[in-house]
Number of protein chains: 6
Amino acid sequence: MFFDDLMRLKRIPRSGWITYRISRHDVESVSSHSYSVAVIALIVSETLRPTNQKVDVEEVLRMALLHDLSESLTFDISKAYLRYLGRTGAKVKARIERRAASHLLSGLQNSKLSRKFVGSLEEYSSAKSLESRIVHAADALDLLLQILEYQRMGYRKTTLEPIWRETRSKLKHCNLDVANDWMRRLEQVRRELDSTPTRKR
Amino acid sequence: MFFDDLMRLKRIPRSGWITYRISRHDVESVSSHSYSVAVIALIVSETLRPTNQKVDVEEVLRMALLHDLSESLTFDISKAYLRYLGRTGAKVKARIERRAASHLLSGLQNSKLSRKFVGSLEEYSSAKSLESRIVHAADALDLLLQILEYQRMGYRKTTLEPIWRETRSKLKHCNLDVANDWMRRLEQVRRELDSTPTRKR
Amino acid sequence: MFFDDLMRLKRIPRSGWITYRISRHDVESVSSHSYSVAVIALIVSETLRPTNQKVDVEEVLRMALLHDLSESLTFDISKAYLRYLGRTGAKVKARIERRAASHLLSGLQNSKLSRKFVGSLEEYSSAKSLESRIVHAADALDLLLQILEYQRMGYRKTTLEPIWRETRSKLKHCNLDVANDWMRRLEQVRRELDSTPTRKR
Amino acid sequence: MFFDDLMRLKRIPRSGWITYRISRHDVESVSSHSYSVAVIALIVSETLRPTNQKVDVEEVLRMALLHDLSESLTFDISKAYLRYLGRTGAKVKARIERRAASHLLSGLQNSKLSRKFVGSLEEYSSAKSLESRIVHAADALDLLLQILEYQRMGYRKTTLEPIWRETRSKLKHCNLDVANDWMRRLEQVRRELDSTPTRKR
Amino acid sequence: MFFDDLMRLKRIPRSGWITYRISRHDVESVSSHSYSVAVIALIVSETLRPTNQKVDVEEVLRMALLHDLSESLTFDISKAYLRYLGRTGAKVKARIERRAASHLLSGLQNSKLSRKFVGSLEEYSSAKSLESRIVHAADALDLLLQILEYQRMGYRKTTLEPIWRETRSKLKHCNLDVANDWMRRLEQVRRELDSTPTRKR
Amino acid sequence: MFFDDLMRLKRIPRSGWITYRISRHDVESVSSHSYSVAVIALIVSETLRPTNQKVDVEEVLRMALLHDLSESLTFDISKAYLRYLGRTGAKVKARIERRAASHLLSGLQNSKLSRKFVGSLEEYSSAKSLESRIVHAADALDLLLQILEYQRMGYRKTTLEPIWRETRSKLKHCNLDVANDWMRRLEQVRRELDSTPTRKR
């Protein structure tokens, strides 16, 4: 049943954080992450609207809410895992997730709706439309914000450095001025976080 | 800063569950809950669409994503707490949450957007429009689904009975046929959950 | 039943810590805090005794044990929450907690005892008697000690700075020389905690 | 420093519960337990007072607050551990705990107070005075109440049966009518907890 | 560095349990599981020795200790995930894990040792030698024992039924009389676990 | 039953870490630790083999797997606890653990095997044979590696300093060149961990 699969996302950890030495009790769930992505995507969309009337906010939110749905079946697949899939890794991953999503959505027992949702997921995968780029940017912004949160809790900057760099570069590829502005502000916040101890202590 | 407040929702527990003896480590975050509510609300909306073209899905999703935002400041307020506010409890709660939300949204530094969001929250509070009734129904459905999840983990039916009944009656007041149909299915699922041990064992 | 309400305090987290980015799994329970407050209050009392024979230790301990009892119903109310109650916040909070405590104590089914306990709670609230000032000081000292504990675990000094300052100023208002002496020692400990890395490393 | 040892009790788990298959994340701390014991002991004392004016409540509370203090150094010693100490187990345990307590209390840097506290602990160990019997009874009542709490969370009655029986028999040896009355009520509550599913389901 | 990869296994959860609704805080680590497998494999080997002198215990233990090593990079891959790899799933998984293991073992900077370990892993994969069948049986026995542990904690038999059946059938394919005898005893234990409530209650 | 005792080790925390202010949710289980010790001991053995053909790897692994078995009954005994056993502490501890291990192993219902395992444990205790020195070294190396892991998570170097020093000195007493080489590398890693912030920040 679709709703059981949906609820499971509350219990599925974003395991990738374990690689960066976040305590597994502090690792967020896929649901928690997807919520943040949706809100950030909403705000990016609304910020773009005055200059770009055509952004389809409903589509943005549908994509954001569904973008990690397949993890209810596949769980959060580690980066390292993909590396060992070799050159074809990204392709294999995409195929697996597409199948998982189709299976999950068939649980809706509403083939028209299921097709609509599959369409949104494919648009997200292709990462071409403005809407999908907004969701990809929101996905990256949530990661950067979460890294800052973990650092404020006491997790080490150096341990989190590789994921910060990787995400920053992903965000740049989204090519959205608003998102890039915010990224610069987050980098500023992060620098201040570091300097505080040396200054104050 | 608004985004810090948003991220905090990942760490704020839905404390009400503690009253029903859910281990505090198994209590979901406000973000996790809000994600489920948004997805359920999306599906309710899409199910209604063929017969009711006018449902504003963007509005539904905005409301669902924002409906518990104020808990980033106020945290999850226990039912018992409200009872001790006396007759004026609901009114006081509404006022507090409105102010908290305003304060949070002012962090967006975008007064037009902030007003729009406040508007959605007020519509949700008044619970009159179709859109707000959909979100209230999704809020209740997520609770019922979560109770089932907890029971499947081994938490006791009898301990969770009061919250099940209260939520079921809230859902009925939403007056949405789709939601009521699903509730009946969930009640069936719950009955089967109980009968299994005696039958099978 | 009163004892069920008492036991629940073991599971109720001191949610305020979440604001200061303590992992919710590391947040202490109300019971744990109240235990420390009672032991600290006992030691403050005994330290005062030689110079102030009149301190009523039984009263001090009763107050310390009961001072957060109402949180079994109201849960730990966040500071932010109160701010949104506006000017009348403190008054509203006091009224809510008084009612919650009365309701809880009625579960003792011993009206004489219940009245005695309500009396202790009111004396604590008014914060005038020596006994109540001792418990308020112990409440603050436990907070300062807990901040030090969290810092020793690796939580960041800067993130905890606001709660340290606020608590230190509360403690000063208790106007107890013993407590102020200890506070100065704790401040010294905290400074050394910070300097250690730079010196030793 | 004494206060560091005191704070550590918040983090020391009552490991014995692990033997009875309580999840180690749901195991209470020594501080949480000691808080409950103190409040229960206070209520037992006050209930006895009208018929037995001589009960020294201050002494009862001091004993209750200190009775597990040594576990800050020794941690919670498993029953099984003692069994392997052979016939002399209880004696060895008593000696260890006495030394640990003395060491801890020397941290108070107040030899008169330290002697007073050691006196209370010895009275508690000898279990002869009314005051010490009250604290022993409160210790057992907290265990029985905690077993009920765990059962209400979904932990199995049969897994907890041995500790229930052992504690019930300890409580009887305290020879306090009030405590025995409450025990009978708790046994009734436990029976109803079991019968509910069969009756209601 | 190899040792960092080894230590990470302590923090990697056996995520598969989440599918069966085990709280993610109660999910064991890969290290914990591998330890049990090694001890069980040791005992199976020693039990076989009197009748089968040729069992190479050193080889059995090496295999048991290394059999899930690749999960340090790939994490615990969910069953569901594999299903979505289609017919070639098992093959893809095997290839990924082989590559991950090679990469990990290259961290030993001792190519002779690394080749020896790769050899043990390949023998384990082919599941033909007596030694590898012992480790596969121990892997399954640990799962059955863990299911019993979870049921004793209060997790539901019905929720765990699918994994019990699947594992039992895997164990049978190992074709080891000793292991099958133990399985029958575990099935007996499980039946008694279920009947206890109805009999005793 | 022996297997129940074995499985319990997955849930028994290495409580000693609590003294060094590791969150009790991040404390590893005895099983997790024993797994690492066995793998490290395997690698030490294999590294020694070319120059010392006589090392009995099967014996090394048996010892490593069994060396903390008794903690299934005795739990992890705190250092502080032993100190309060006085001069005879080590002797008492050894006796308790020997008895606990015998009792546990009698659960195997195979007296020949049980005697063999007791033999391995006694050899480990006497710490004379090469095999037992390898396991003692592996035990210490796992501790040093775990300290580094905790520091990388954000736990403080200064809080962990005493256990680092104590373990380093234990390791030296094992008198194994390979182990001492690795220790020096770990010390180098630790120094770099410290210098990174000051250099990079």
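The values are calculated or read from the model by the stated rules, or taken from the named source; none is laboratory data. Worth saying up front: this structure is predicted, and the values here are computed from it rather than measured. No Cβ is skipped: glycine too gets one built from the backbone with ideal geometry, and neighbour counts run over all protein chains shown. These accessible areas exclude ligands, DNA and RNA; they are computed on the full protein's heavy atoms, side chains included. Shrake-Rupley method; radii C 1.70, N 1.55, O 1.52, S 1.80 Å.
Scoring E:60-70, A:40-50 by mean Cβ neighbours within 10 Å over their residues and listing the highest first yields E:60-70, A:40-50. Dipole check for the stretch C:131-201: with +1 at the C-beta of Lys and Arg, -1 at the C-beta of Asp and Glu, and the Cα centre as origin, the magnitude is about 480 Debye. Per-residue shielding of E:188-194, expressed as the average number of other chain Cβ atoms within 10 Å of the residue Cβ, stands at 2.
Dipole size of chain D about its Cα centre, with +1 on Lys/Arg Cβ and -1 on Asp/Glu Cβ: approximately 740 debye, rounded to the nearest 20. Positive end of the dipole of the stretch B:83-156 (Cβ unit charges, origin at the Cα centre): among B:GLY89, B:LEU104, B:ALA138, the Cα lying farthest that way belongs to B:GLY89.
Bridgeable lysines around F:LYS112 (alpha carbons under 22 Å apart, same-chain partners fewer than 8 residues away excluded): E:LYS54. Using a 7 Å projection from Cα along Cα-to-Cβ, the label point at E:THR158 is separated from the same position in the remaining copies by 1.8, 1.8, 5.4, 5.4, 5.7 nm, smallest value first. Counting Lys and Arg as +1 and Asp and Glu as -1 over every other residue whose Cβ lies under 9 Å from the Cβ of B:VAL37, the net charge comes to -3.
What shape does the stretch F:32-169 take by its C-alpha gyration tensor, where a ≥ b ≥ c are the square roots of the eigenvalues and a/c under 1.5 counts as rounded, a/b above b/c as prolate, and the rest as oblate? Judged from the Cα gyration tensor, the stretch F:32-169 comes out oblate (a/c at least 1.5, b/c at or above a/b).
Nearest 500 deg cm²/dmol is fine: what mean residue ellipticity at 222 nm does chain A get from its DSSP H runs of n ≥ 4 alone, each adding -39,500 (n - 2.57), divided by its residue count?
So the calculated ellipticity at 222 nm is -23500 deg cm²/dmol.
For peptide D:97-104, the mean count of partner chain Cβ atoms within 10 Å of a residue's Cβ comes to 2.
Listed highest first by mean packing, meaning other Cβ atoms within 10 Å per residue, what order do B:26-37, C:93-104 come in?
Averaged packing, sorted descending, gives the order B:26-37, C:93-104.
For chain F, the solvent-accessible area works out to 39 Å² per residue, with a probe of 1.4 Å and every protein chain left in place. Each of D:TYR35, D:THR167, D:HIS67 was placed along the dipole of chain D (beta-carbon charges, centred on the mean Cα), and the one lying farthest toward the positive end is D:THR167. Remark: mean inter-chain Cβ contacts per residue of C:147-159 equal 6, using a 10 Å Cβ-Cβ cutoff to other protein chain atoms.
For C:ALA94, the distances from its label point to the matching points in the remaining copies are 2.8, 5.1, 6.6, 6.6, 7.6 nm, ordered from shortest, with each point set 7 Å beyond Cα toward Cβ.
Only Lys, Arg, Asp and Glu carry charge here, each on its Cβ (+1 for the first two, -1 for the last two); on that basis the protein assembly as shown has a dipole of about 20 debye about its Cα centre. A point 7 Å from Cα along Cα→Cβ stands in for B:ARG185, and the other copies hold the same point at 4.2, 4.6, 4.6, 5.7, 6.5 nm, listed in rising order. Axis between C and E by rotation; chain C residue with nearest Cβ and distance in whole Å recorded as C:HIS25, 4.
Computed on protein heavy atoms with a 1.4 Å probe, the accessible areas place B:THR167, A:THR19, C:THR51 in the order C:THR51, A:THR19, B:THR167, largest first.
Taking square-rooted eigenvalues a ≥ b ≥ c of the alpha carbon gyration tensor, is the protein assembly as shown rounded, prolate or oblate, where a/c under 1.5 means rounded and, failing that, a/b exceeding b/c means prolate? Can you show the working numbers first?
On the way: a/c = 1.37, a/b = 1.00, b/c = 1.37.
It is rounded, given that a/c, with a ≥ b ≥ c, falls under 1.5.
Each residue of the stretch E:31-36 was assigned a 3J(HN,Hα) from its phi angle through the Karplus expression (A = 6.51, B = -1.76, C = 1.60, θ = phi - 60°), giving 4, 4, 4, 5, 4, 4 Hz with x at Gly and Pro. Accessible area buried by the pairing of A and B, both sides summed with a 1.4 Å probe, works out to roughly 4100 Å².
Ordered from longest to shortest, the equivalent ellipsoid semi-axes for the stretch D:128-201 are 26, 12, 9 Å, each the square root of 5 times a Cα gyration tensor eigenvalue. Probe radius 1.4 Å, ligands and nucleic acids ignored: give me the carbon and sulfur share of the accessible area of the protein assembly as shown as a rounded percent. Exposed carbon and sulfur together represent 48 percent of the surface.
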